[in-house]
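Structure record follows, encoded as structure tokens.
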Amino acid sequence: MRSGHWPNNFAGPLHTCFFFLAVSKSYMWAYASFQFAIVILFAHIFCTVLNVNAILSVLLSSFTGFGIAISTNSLLVEYLRWRTSRRHSSHQHPNVSGSTMNTT
């Protein structure tokens, strides 16, 4: 095994384990596509703009892409839970805006 391939061999299975634990099956392809696009974008930025070594660029972009994708997933899940709980609480406690109080 050449030393140039260890980040791909290490990071791939690690990200795959977290990927299947963190993402529901309903939008797995969207999540994988988003993560892949982020990894490619950051690999390009690290290699061309910041002139980082190719091996280090692959490793950093893998961790950065995973971090951004999992953070976005967490924010989306929490927002959807908040919106659902807010809808349920508004249905349980209807606002009585039609009643008027006599203040004379």
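The values are calculated or read from the model by the stated rules, or taken from the named source; none is laboratory data. Because the structure is predicted, anything quoted here is derived from the model rather than measured. Don't worry about glycine lacking a Cβ; one is built from the backbone with ideal geometry, like all the others, and counts go over all protein chains shown.
In the set (1) among the aromatic types (Phe, Trp, Tyr); (2) in contact with a Leu (Cβ under 8 Å, 6 or more places away or on another chain); (3) modelled with pLDDT under 85, the condition left unmet by Phe18 is number (2).
For segment 26-59, the tally of residues that are small (Gly, Ala, Ser) and either loosely packed, with under 13 Cβ neighbours inside 10 Å or in contact with a Pro (Cβ under 6 Å, 6 or more places away or on another chain) (or both) stands at 5. Going by what's in this entry, would Ser62 be described as surrounded by 12 or more Cβ atoms within 10 Å (Cβ to Cβ), in contact with a Cys (Cβ under 9 Å, 6 or more places away or on another chain) and assigned to a helix (DSSP H, G or I)? In short, no.
Residues of segment 24-45 include at least one that is modelled with pLDDT under 80, of a type in the set (A, V, I, L, M, F, W, C) and within 15 Å of the chain's Cα centre (by Cα).
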